[in-house]
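Notes follow once the structure below has been shown.
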């Protein structure tokens, strides 16, 4: 019975992943869902927290690595690993949330879209912390195939959640100009930096930090017309680089 349950979870993971890929491809590449592409909706509700288009390449990398996880979980040698029980239900749930968010976003229900996004942040964060407890770098294959994909996914969702919150403000007419936008970007970058620093100090987490670094660097270059925003994002990026260097040196000693 236990083996049948694990097999079912493996297949449900596969179905959830493929379904998410299909819905995301339709949203990104066509106007079938809501009459607009994801990029067009992002442009319509753009704020100073919206990363430039090339940063969204992280999403492609994330899906590719999650695909590695999907293949890895099927391999006979790893079918009995603890991570199946720990994260499969959450992965399926997060996939459903991802698709729900896409449908709401594509149809410009921006305020409502924050609900599945926040739940997605919680579920992906829970997956990350469970894997951090069970998988270390000493089990390199499992770390690369399971821990790293979900770490990058959690980092990406962290960035997108803040951008989604900013889009909600824009949808209500607070369209990203003046003191409000500057305060928003400063608070957001400080929140990201504080949490990222916590993970680096407590878990020596560099992968998550690199995702945040790439996103904030994109925000800095994307807001050159606003000196305050550019400087705050740049300073936090520099602090993350310095923190990564310190953590790596400490681990090497």
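Some observations on this one:
Table: residues versus (1) outside any helix (DSSP H, G or I); (2) within 14 Å of residue 102 (Cβ to Cβ).
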{"site": "9", "(1), (2)": "no, no"}
{"site": "26", "(1), (2)": "no, yes"}
{"site": "48", "(1), (2)": "yes, no"}
{"site": "61", "(1), (2)": "no, no"}
{"site": "73", "(1), (2)": "no, no"}
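- Taking segment 48-64 as the range and being crowded, with 19+ Cβ neighbours inside 10 Å and over 14 Å from residue 157 (Cα atoms) as the test, only 48 passes.
- Residues located in segment 207-219, provided they are over 15 Å from the mean Cα position of the chain (by Cα) and either modelled with pLDDT of 80 or more or surrounded by fewer than 21 Cβ atoms within 10 Å (Cβ to Cβ) (or both): 217
- Taken together, 100, 39 contain a single residue that is assigned by TED's automatic domain parsing to the domain that holds residue 15, buried (at least 18 other Cβ atoms within 10 Å of the Cβ) and free of Cβ contacts under 8 Å to residues at least 60 places away in the same chain, which is 100.
- Once segment 22-36 is narrowed to residues that are closer than 18 Å to residue 58 by Cβ and in contact with a helix residue (DSSP H, G or I) (Cβ under 6 Å, 6 or more places away or on another chain), the residue that is surrounded by the most Cβ atoms within 10 Å (Cβ to Cβ) is 27.
- For segment 106-129, a residue qualifies if it is more than 16 Å from the chain's Cα centre (by Cα) and either in a helix (DSSP H, G or I) or in contact (Cβ under 8 Å) with a residue 40 or more places away in the chain (or both), and the qualifying residues are 106, 107, 108, 110, 111, 112.
- Single residue of 90, 59 found to be at pLDDT below 90, in the same structural domain as residue 116 (by TED's automatic domain parsing), within 16 Å of the chain's Cα centre (by Cα) and over 11 Å from residue 146 (Cβ atoms): 59
This table checks each residue for (1) surrounded by fewer than 19 Cβ atoms within 10 Å (Cβ to Cβ); (2) part of a helix (DSSP H, G or I); (3) outside the structural domain of residue 69 (by TED's automatic domain parsing); (4) at pLDDT below 80.
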residue: 141; (1), (2), (3), (4): yes, yes, no, no
residue: 145; (1), (2), (3), (4): no, yes, no, no
residue: 153; (1), (2), (3), (4): no, yes, no, no
residue: 156; (1), (2), (3), (4): no, yes, no, no
residue: 165; (1), (2), (3), (4): yes, yes, no, no
residue: 184; (1), (2), (3), (4): no, yes, yes, yes
residue: 187; (1), (2), (3), (4): yes, yes, yes, yes
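The values are calculated or read from the model by the stated rules, or taken from the named source; none is laboratory data. Keep in mind that what you see is a predicted model, and the values were worked out from it rather than measured. For neighbour counting, all protein chains shown are included, and Cβ atoms are generated from backbone atoms with ideal geometry for every residue, glycine included.
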